[in-house]
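Structure record follows, encoded as structure tokens.
The values are calculated or read from the model by the stated rules, or taken from the named source; none is laboratory data. All values reported here derive from a predicted model rather than from experimental measurement. When we count neighbours, we look across all protein chains shown, and the Cβ atoms used for this are built from the backbone with ideal geometry, even at glycine.
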Amino acid sequence: MKGGPDRVGKDAGNVAQYGDRGGDVVSTKNRSLSFLLVDPPHRIWDILKAWVPSPGCLQLAAYLLDYFDVDFMDCTLNKRPWHDLERKLREAKPDVVGLSVGCTYFTYDGYNAAALVKDVLPDAIVLVGGAHPTLNAARCLEECPEIDYICMGEGEITTREFLANVADGNPDFSHIPGLAYRGEDGAVVITPKRPLIEDLDTLPIPAYHLVDMEHPYIGLPSEGDRAFLVNFSRGCGFRCKFCSESPFWERRWRGCGAERIGEELELLRTKYNRDTFYVGDNVFNFTRERGKTFIEEMKKRKLGQHFWLQSRADLVVRDEDLMAGFKEAGVYQFMVGVEYPKQDVLNHLNKDVSLSTVERAMQILKKNEFMIMATLMIGHWDETKEDRQNLFDFCAKYVNHFGLNVVTPLPGTEFHKEMQSLGRIQSDDYRKFDYIQAVMPTKEIPDLSKITELHLGMIRKFYWRPIELWRMFFSKNPILRHHHRYFMQYGFSVMQHEVFGKPLWVQDNYQTFESFLRERDRPLKGGVAGYEPDETGEI
């Protein structure tokens, strides 16, 4: 099997014995080593008011369960996340702790978790993975000395070989592809690239049984009471320079087959009663065959589920004849990366799509009565007030969900390198890389806070239009009515907060690392006081 694991797991029928994992389980498990996989405590964005366990972590855990004793802790779901993590470390005493850093915004959470691990268990090995540490390995190792190793890119096979090497007592990791670490002389060592798994159907179904799927935070309340996030592919074959996903997955796309998708969705329906899904695939219909087989599988299974898919304008146009089938299969919304309705900006971002194609895609989706979410970015260097108005007017014609972001140069991307060389990036605080807070000025607006205010103001303006109020009550689409009510309620709560001082929703279990250390009343070894530059709150 080319680049893939040693086992094949397509049968999802053994749930009672093996949780949510499918297929034949390896008979011999290495019990000489314990592995704790941790998604560190995070702050939930208040507009979402919810959390979904990392699909990547659940997939990795499901794979490794056949080889080692594996436990998974999604700290954001704990009542006292940092305290509970410390207690878990003291009680379980894992040999290796894997930390997920899913995006740049969560980097300090990962660093703080690494510091806590080393304080509680100095001899434990800290292995970190995710897009940010993969694309910025040397920087992460320099910034956080508590990190021992970084798993570069796809994690399943690299982590399995890494853990086996630890269990064997071998101090040499240079023969394992896909790692970064400090050598004996302190210099960063990066081993050769790990070949990607060619057939994703060889991976087991994510280990949903390792989390409390009925936790009140788990879901996507904007989409429905039983909504959830799933992933059925990895990567993207396009070259948008601002995207971290494309370089992380080596600009390749691989997808699960329709039968494998159907098995996972049926499990989520029958065991967990999940009926509405945001499918996090960067480009769901990367191939026409993918779209056609998905439609056939959903029509055959008749699960009564609903789907929000991501695509590109050119692929929507290519698959115009499949749109009725997608509708019949349960798709209710397409998210399309419009980015900016100005051709020279699209060209600069390497979007490889024309404005006419974007508009044609919008027309096709609207004709087929899909909800349309456009992802967009403001804050480009040459941007003017007129440009922003043109963007707003374009979206007002077609879009139901105004996915407006601030231009964000994610570290490790081609775009970040370019902006850094031009001297435009004015903050290295990872918490500001959230697509909401500006970290770069424009030619017309040097004040970053003004760009952030413009972003929020445009969102308010879009959703407070009379047509959006009408849709909230009278749209024929029940999901659209629910969606608009959710965001209208959020907007109203923000208005009440700004005008009358009414408190906003608060994540009741969130605690900064600094606050945790004060309650702990004893410093970490080495005097580490937390990796955040300060305790200023994010927006």
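Some observations on this one:
- Just one of the numbered conditions (1) surrounded by 19 or more Cβ atoms within 10 Å (Cβ to Cβ); (2) at positive phi is not true of residue 302: (1).
- Candidates 469, 448, 456: the one that is of a type in the set (A, V, I, L, M, F, W, C), assigned by TED's automatic domain parsing to the domain that holds residue 423, surrounded by fewer than 17 Cβ atoms within 10 Å (Cβ to Cβ) and modelled with pLDDT of 85 or more is 456.
- Output for region 222-249, where each listed residue is in contact with a Lys or Arg (Cβ under 8 Å, 6 or more places away or on another chain), of a type outside the set (A, V, I, L, M, F, W, C) and modelled with pLDDT of 95 or more: 226, 233, 234, 235
- Any hit, region 361-377, residues being modelled with pLDDT of 95 or more, at negative phi and of a type in the set (Gly, Ala, Ser): yes
- Qualifying residue in region 159-176 (condition: under 25 Å from residue 253 (Cβ atoms), outside any loop (DSSP other than H, G, I, E, B), at pLDDT 95 or above and in contact with a Ser or Thr (Cβ under 8 Å, 6 or more places away or on another chain)): no
- Any hit, region 105-112, residues being over 19 Å from the mean Cα position of the chain (by Cα), farther than 20 Å from residue 158 by Cβ and not assigned by TED's automatic domain parsing to the domain that holds residue 250: yes
- Of the residues making up region 178-193, those that are surrounded by 16 or more Cβ atoms within 10 Å (Cβ to Cβ), of a type outside the set (Gly, Ala, Ser) and either assigned by TED's automatic domain parsing to the domain that holds residue 308 or free of Cβ contacts under 8 Å to residues at least 40 places away in the same chain (or both) number 3.
- One residue from 353, 331 being touching a residue at least 24 places away in the same chain (Cβ under 8 Å) and under 19 Å from residue 478 (Cα atoms): 331
- Of the helices (runs of 4 or more DSSP H) lying entirely inside region 271-373, those containing at least 2 residues that are within 23 Å of the chain's Cα centre (by Cα) are 288-301, 313-318.
- Residues in region 209-268 that are free of Cβ contacts under 8 Å to residues at least 40 places away in the same chain and under 18 Å from the mean Cα position of the chain (by Cα): 246, 251, 253.
- Count of residues meeting criterion [touching a strand residue (DSSP E or B) at 6+ places or on another chain (Cβ under 9 Å) and of a type in the set (Lys, Arg)] in region 115-145: 1
- In region 422-434, residue surrounded by the most Cβ atoms within 10 Å (Cβ to Cβ) [restricted to those that are farther than 21 Å from residue 140 by Cβ and of a type outside the set (D, E, K, R)]: 426
- Any hit, region 208-215, residues being crowded, with 20+ Cβ neighbours inside 10 Å, hydroxyl-bearing (Ser, Thr, Tyr), at pLDDT 95 or above and part of a helix (DSSP H, G or I): yes
- At least 2 residues being among the small types (Gly, Ala, Ser) and surrounded by 23 or more Cβ atoms within 10 Å (Cβ to Cβ) is the threshold, and among the strands (runs of 3 or more DSSP E) wholly inside region 32-132 those reaching it are 96-100.
- Pairs linking a residue in region 157-173 that is closer than 11 Å to residue 32 by Cα and in the same structural domain as residue 62 (by TED's automatic domain parsing) to a residue that is in a helix (DSSP H, G or I) and among the small types (Gly, Ala, Ser), with Cβ atoms under 7 Å and 6 or more positions apart or on different chains, do not occur.
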